[in-house]
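Throughout, read-outs are computed from the coordinates displayed, never taken from laboratory work. Treat the numbers as computed from the prediction; the structure is a model and nothing was measured. Every residue, glycine as well, gets a Cβ built from its backbone with ideal geometry; the counts of neighbours run over all protein chains shown.
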Amino acid sequence: MSSLNWTTDFLNQLNSTEFSIVPAFLPGDKTALWQIESTRWQQFSQYAIEQKLRWAAGWAEHAETVFIVNACFEKEGIYVLLRTRVNAGKPELPSQATVYPAANRSERHTQDMFGINFTGHPDNRRWTRHQAWPQHSYPLRKNYPVQGEPPAITPPDMDYPFVKSYGEGVYEIPVGPVHAGIIEPGHFRFQAVGELILNLEERLGYVHKGIEKIAEGRTPESLARLAGRVSGDTTVGHCWAACMAMEQAAGIEIPPRAALIRGILAEGERIANHLGDMGAICNDVAFIFAQMQFSRLRELWLRTNATIFGHRLLMDTIVPGGVACDLSEASCALIKQDVVRLRKELSELMPAIDLNSSLEDRLYTAGYLSPEIAEAFGTLGYVGLSSGQDFDVRRDAAYPPYDQVTFKVALEDQCDIASRFWVRYKQINAALKLIEQFIAQLKDGVNLNESQTLQAEWQTPQADSEGLGIVEGWRGEITAYIRFDAGNKIARYYPRDPSILNWPALEKLTLNNIVPDFPVCNKSLNGSYSGNDL
Amino acid sequence: MNWLIAIFQTMLFVLLSPLLAGWIKWCKCYLQNRKAPSLLQPYRDLLKLTHKQPVVSEQASWLFVTAPYIIFSATVLAASVVPLIAVNLPTSASADVIVMVGFFAFARFFLALAGLDIGTAFGGMGSSREMTISSLAEPAMLMAIFTLTMTASTTNLSGAIAHVLNDGMVLRPSFVFALFALILVAIAETGRVPVDNPATHLELTMIHEAMILEYSGRHLALIEWASQLKLMLYGVLITNIFFPWGIAEDFTGKALGYGLLAIMGKLALLAVFLAVAETLVAKMRLFRVQEYLSFAYLLGLLGMLSHIILEASR
């Protein structure tokens, strides 16, 4: 690990004050691991925000008499994992959410799952664990049964204390959790006066599946399958992140050919989802022509996926140590053909969309997310990229195969829905180029070798070995933390979907918009409910 | 005999309106590269809805249940005023265009009340938006229609159409303005893109659909049918006032047959224009609708001015 980065200076600065951090690294030497006392938890975050560190993820773990609490920070593509131990008898930790708004919901999730009390937290209402759960049952504690303790009849989630507003002509609009379209469940509570939105509050958690709990005790193969189901539209992204974490823990390197195929899969997923999103944005302003075209293009793309990889959404194509399926010469030709066709079709479609003034009128300036707020909430992916957050894991913390290629990170600077629409288009173009580069490398020299393996041999990791997988999914940076138990079993799996950081931005970007513009604002952000609720 | 034809014409209105809705849908699907449902699909949908048991909220009052019948009847009565295949029918003689607008307003009044009645946020939101739009659309519509009636010196639709027929092909600037004003109003009043999106599932963006969100079964069928009827009514108004040729002036079978063919052809063509327009534009922001309808009003006003300046002096 190079010592010529900000971590050294920052560590010196911290250790010159009250901290005494012994620098360590996670397996793979990529991520620094700093352990501090629990009382200094919040203090650290104050130093961190001065140094402009980005809060990236937070999770906890139950280990007999203590809770191990982690928070992941990032700056300039270098990640630091901050860790502390909290006594399980009196689990209390000063909240970082007062300093980092991005940590807010994550801490509430930890509070709900473990019963850790974050002192000074600005909003300690329940989040994931709805009111229907008994008062003191914390699902991620070791003594809680995997199958849960479901009552015969689940009581309704009645008394969530939503933010209230009063005044002449102010009214509330409850929307969801069951929506008219075929989308995931989530509740939105609006306070509006006339058509103007005064406040929006999200209430998520309706698709809580207990992913973290059921991950415990799995084998690596089984966990990879589970990771592919954290959010159905990001199956490649989550599966890759989880596999990367497991590979770090086990100390294995994936074969170059497997890395290239993973790259092709991930870019393919990005393209399909962006096409779907761009169509959906147009549909929400009743520009149905464009939606139909994008749906058609997406469908064609997915069918090629099914032909080549055997699954439209590419589920279970990535396995620990490599990939499950190879790309034949014929498959490469088919993908290349698809790339050319998609590019040609988009070059015909996009001018028609660009020149449509009625569409422009709806998308420009609507749903403005200021760079300051985007930074405060640590927004990722197309949401961050269109609000001045120039960060892409593929470039800034490159991992194979992205370390061998060059590409341009798409950026837009208008901070509105149109920016989030066009940044997706730019990402599609970049992804198409990446796929072409990967395929070219697949064919190069050694890679054509028959003996080239697709899967590195799995080595049982030692007990307690851990890994942090960080990849750029189509929504943005995905992190996955994994710690192994003895006997090749998973002890802890925590996936952090980019939606967890992007959802709060929606509450902000809808302010001062009008109620009928909310659906398109929401679609421009398109957070995953499943990835958020876990 | 005349009364029989009048009743027959109103029946035709009621029976053909789902066909027009199906045809518009067919055109839109074609333009969007989709496979269209059968032209008869709206009939099947209506039939299906009548077989379903309506689900009525516990909070609903008698008004909610009665409103669909009132809305449907009022729209049918409005239809009876408008000459479809023949002019000089007794129904059109008994009521004029202001009565027709009144029937629309009557139906809308009950629709908005029904939206408020069940007390959901969406219903109230829809009613509020509908009333905002109609308060702007109605003056624009009356302005356009007054321009026509000033030319014909009558507010009777049948008389106005007959007047246009007798004058033959004369290009009147006032009519051009009035035609465009009426088209803009028609789009707003029938809830089409870019003012409202009849196909959306997004509750928060709805106007007309938000008010009828709680309706089901035969109640929904009646309201759907009434809005299809309203769409056809506006189509007939536009085509028959501005392009009346082909409409039957006597009541022989041949003339009536030609009248029917003519109006179906004209409506089919108008639907194509509507479908093209709906495909080309996105729905406008809700707060733009007032500018849009003010523009319609302005066109109507210009029509009237050009009538007074250019045409009335002669």
Determine the relative contact order of region B:177-314: mean sequence separation of Cα pairs under 8 Å and six or more apart, normalised by residue count, in whole percent. 38
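Net charge near residue A:41: determine it from the other residues with C-beta under 13 Å of the C-beta of residue A:41, scoring Lys and Arg +1 and Asp and Glu -1.
-1
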Once amide H atoms are placed 1.01 Å from N in the peptide plane, what residues at a sequence separation of 5 or more from residue A:33, or on another chain, have their amide H within under 5 Å of its amide H? A:24, A:25, A:26, A:81
Calc'd 3J(HN,Hα), region A:371-377, phi into Karplus 6.51 cos²θ - 1.76 cosθ + 1.60 (θ = phi - 60°), Hz, glycine/Pro = x, comes to x, 5, 5, 4, 6, 4, 8
Diffing region A:56-63: the Karplus 3J(HN,Hα) column from phi (6.51, -1.76, 1.60, θ = phi - 60°), in whole Hz with x for Gly and Pro, holds 10, 6, x, 7, 9, 7, 9, 10
To check my understanding: the extent here is largest minus smallest coordinate of the Cα atoms along each principal axis. What are those three numbers for region B:215-264, in Å, largest first? 42, 24, 13
For residue A:198, distant residues with modelled amide H under 5 Å away: A:191, A:192, A:193
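Taking 8 Å as the Cα distance limit and 6 or more residues as the minimum spacing, I'd like the relative contact order of region A:355-489 as a percentage.
The value is 23 percent.
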Cα pair distances of region A:273-339 binned at 10 Å [whole percent]: 20, 39, 27, 12, 2
Using the alpha carbon gyration tensor of the protein assembly as shown, what are the three equivalent-ellipsoid semi-axes (square root of 5 times each eigenvalue), largest first, in whole Å? 61, 29, 24
Would you tell me the mean number of C-beta atoms belonging to other protein chains that fall within 10 Å of each C-beta in A:187-200, as a whole number? 1
Using θ = phi - 60° and Karplus 6.51 cos²θ - 1.76 cosθ + 1.60, couplings along region A:70-76 (whole Hz; Gly, Pro as x): 10, 9, 10, 10, 9, 8, 6
Please report the relative contact order for chain A, taking Cα pairs under 8 Å with a sequence separation of at least 6, and give it as a percent rounded to a whole number. 17
Could you give the size of the charge dipole of chain A about its Cα centre, using +1 on the Cβ of each K and R and -1 on the Cβ of each D and E, expressed in debye and rounded to the nearest 20? 660
Compute the distance from the alpha-carbon center of region A:133-147 to that of region A:156-174, in whole Å. 30
Chain A - mean residue ellipticity at 222 nm from DSSP helices (-39,500 (n - 2.57) per run, n ≥ 4, rounded to 500): -12500 deg cm²/dmol
Most exposed first by the Cβ proxy, i.e. fewest other Cβ within 10 Å, how do B:151, B:75, B:66 rank? B:66, B:151, B:75
So for region A:211-533, if I pair up every lysine 8 or more residues apart or on another chain, how many of those pairs have alpha-carbons under 13 Å apart? 5
With R₀ set to 56 angstrom, the calculated FRET efficiency between the beta-carbons of residue A:219 and residue A:347, to the nearest 0.05, is 0.75
Eigenvalues of the alpha-carbon gyration tensor of region A:269-395, times 5 and square-rooted, give semi-axes in Å, largest first, of 30, 22, 12
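List the residue ranges in chain B for DSSP H helices whose C-alpha atoms run 27 angstrom or more along the long axis and whose Kyte-Doolittle average is 0.0 or above.
Counting only whole DSSP H runs, the qualifying helices are B:2-31, B:62-81, B:97-117, B:121-152, B:217-242, B:253-280.
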Filter the trypsin sites (Lys or Arg not before Pro) in region A:398-497 down to the DSSP loop ones having no more than 12 other Cβ atoms within 10 Å, then list what survives. A:408
For region A:102-256, with +1 on Lys and Arg beta carbons and -1 on Asp and Glu, the positive-most of A:196, A:171, A:147 along the dipole: A:147
What shape does region B:179-314 take by its C-alpha gyration tensor, where a ≥ b ≥ c are the square roots of the eigenvalues and a/c under 1.5 counts as rounded, a/b above b/c as prolate, and the rest as oblate? oblate
Quick one: what do you get for chain B if you divide its Cα Rg by 2.2 N^0.38 Å? 0.98
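In what order do A:166, B:30 fall by count of nearby beta-carbon atoms within 10 Å, going from fewest to most?
Taking fewest neighbouring Cβ atoms as first place, the list is A:166, B:30.
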Using only the Cα atoms of region A:1-123, each taken as one equal point scatterer with no solvent, compute I(q) by the Debye sum, divide by I(0), and report log10 of the ratio at q = 0.14, 0.20 Å⁻¹. -0.56, -1.15
If I take all pairs of Cα atoms in region A:211-533, what percentage of them are more than 38 Å from each other? 14
Residue A:496's amide H: which non-local residues (gap 5+, or another chain) put their own amide H closer than 5 Å, with H modeled 1.01 Å from N in plane and none for Pro or chain starts? A:479, A:480, A:481
Separation of region B:173-221 and region B:5-69 by C-alpha centroid, Å? 14
What's the local net charge at residue B:274, with K and R +1, D and E -1, over the other residues with C-beta under 15 Å away? +3
For region A:301-348 and region A:53-113, what is the separation of their Cα centres, given in Å? 38
Using the Cα atoms as the points, what is the convex hull volume per residue of region A:1-73 in Å³? 104
Gaussian network model of chain B, Cα springs within a sub-10 Å range: biggest mean-square fluctuation belongs to which of B:163, B:208, B:219? B:163
Ordered by number, the GluC sites (Glu not before Pro) in region A:1-54 that occupy a DSSP loop and have at most 15 other Cβ atoms within 10 Å are A:18, A:37
